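Step one of this worksheet: look at the structure below.
Just so it is clear, none of the values below were taken in a lab; they were calculated from the coordinates. Everything numeric in this text was worked out from a predicted model, so none of it was measured. Cβ sites come from the backbone with ideal geometry, for glycine too, and all protein chains shown count toward neighbours.
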Amino acid sequence: MMQVAPSILSADFGILNEEVKAICDGGCDLVHVDVMDGHFVPNLTIGPVVVKSVAKASSKPLDIHLMVENNTFFVDLFAPLNPKYISFHIEEEKHPHRLIQKIRDLGISPAITLNPHTPPETIEFLLEDLDMVLLMSVNPGFGGQKFIPHVLERAKRLKALIEKRNPSCLIEVDGGVNDKNIEQLKDAGVDIVVAGSYVYGSDDYGQAIKSLQI
Ligand code: DX5
Ligand code: ZN
């Protein structure tokens, strides 16, 4: 079944703990946390002080998506919160192989994120060391953007590489996911979807999450 990781970026930050509890009670599989530094992307979100409180409120594992310039610094900041995944952007890392080992040594599942323009072949020789690849289906930085359909072709190409190099590596897609594109994502071989505005913009979070768990 498709796993669902609601992005708290679209939550009401005035009542963040309740918003986190609500998606966990609603049956989500992971809690997706978008960390932006105002440099790699033109937006700024939350740091370890706030994410610590999110981790406390959450009964589900955290999926931390770094959108930052200095990956190693941020990995060290968030590792003590014991997330399940930490993903970093390949476009911003000179030594991805080294950073993957570092994340694994910290007891966290390493993942790499690809921007919409980055071909999956770029990371072919990293796949055997990864637990997950995150494909962006919008440009990183903001929730509520329109789904870029060529992620479906990228997911299929990535799936073929994964089957060759490391069949246990999962594919996650992030951006503009909703009940209209979920079937295509499933057919393309995607294992986990991130959904921010679709879940938090609905009246019933549990129902929205279930509609994606196909
Ligand atoms: C964008 C973030 C996403 C975003 C998804 O940079 O990585 O996780 O919150 O939001 P929606 O689902 O609204 O596109
Ligand atoms: Zn994200």
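Taking only C-alpha pairs under 8 Å that are 6+ residues apart, what is the relative contact order of the stretch 3-212 in percent?
Working: 415 pairs, mean separation 44.9, N = 210.
Relative contact order of the stretch 3-212: 21 percent.
With charges set only on the Cβ (+1 for Lys and Arg, -1 for Asp and Glu), what does the dipole of the chain come to about its Cα centre, in debye to the nearest 20?
260
Given the options 158, 77, 135, state which has the largest fluctuation in a GNM of the chain using a 10 Å cut-off (strictly under) for Cα springs.
77
Between residue 94 and residue 122, what length comes free when the chain is fully extended (0.36 nm per residue of separation minus the Cα-Cα distance, one decimal in nm)?
On the way: separation 28, 0.36 × 28 = 10.08 nm, distance 1.27 nm.
The span from residue 94 to residue 122 would gain 8.8 nm if fully extended.
Would you work out which of 177, 126, 39 lies farthest towards the positive end of the dipole of the chain, given +1 charges on the beta-carbon of Lys and Arg and -1 on that of Asp and Glu, about the Cα centre?
Farthest towards the positive pole: 126.
What longest region of the chain stays clear of trypsin sites (Lys or Arg not before Pro) that DSSP places outside H, G, I, E and B and that have at most 10 other Cβ atoms within 10 Å?
Working: sites that count: 94, 146, 180.
With a cap of 10 other Cβ atoms within 10 Å, the longest stretch comes to 1-93.
Sort the stretch 3-212 into rounded, prolate or oblate with this rule: let a ≥ b ≥ c be the square roots of the eigenvalues of the Cα gyration tensor; rounded if a/c is under 1.5, and if a/c is not under 1.5, prolate when a/b is larger than b/c, oblate otherwise.
Since a/c reaches 1.5 but b/c is at least a/b, the shape of the stretch 3-212 is classed as oblate.
Could you tell me how far the Cα centroid of the stretch 41-101 sits from the Cα centroid of the stretch 6-37, in Å?
15
Which residues does the label zone of residue 52 cover in the stretch 72-98, counting backbone N under 13 Å from a point 7 Å along Cα→Cβ?
77-82
Residue 160 to residue 21: FRET efficiency via 1/(1 + (r/R0)^6), r the Cβ-Cβ distance, R0 41 Å, to the nearest 0.05?
About 0.55, to the nearest 0.05.
From the helices alone, meaning DSSP H stretches of at least four residues, give me the mean residue ellipticity at 222 nm for the chain, per-run term -39500 (n - 2.57), in deg cm²/dmol to the nearest 500.
After summing the helix terms and dividing by the residues of the chain, the value is -9500 deg cm²/dmol.
Comparing 46, 162, 108, which has the greatest mean-square fluctuation in the GNM of the chain with Cα pairs linked when under 10 Å apart?
Of 46, 162, 108, the most mobile in the Gaussian network model is 46.
Lysines near residue 56 by alpha-carbon distance under 27 Å, same-chain residues fewer than 8 away left out - which ones?
21, 84, 102, 210
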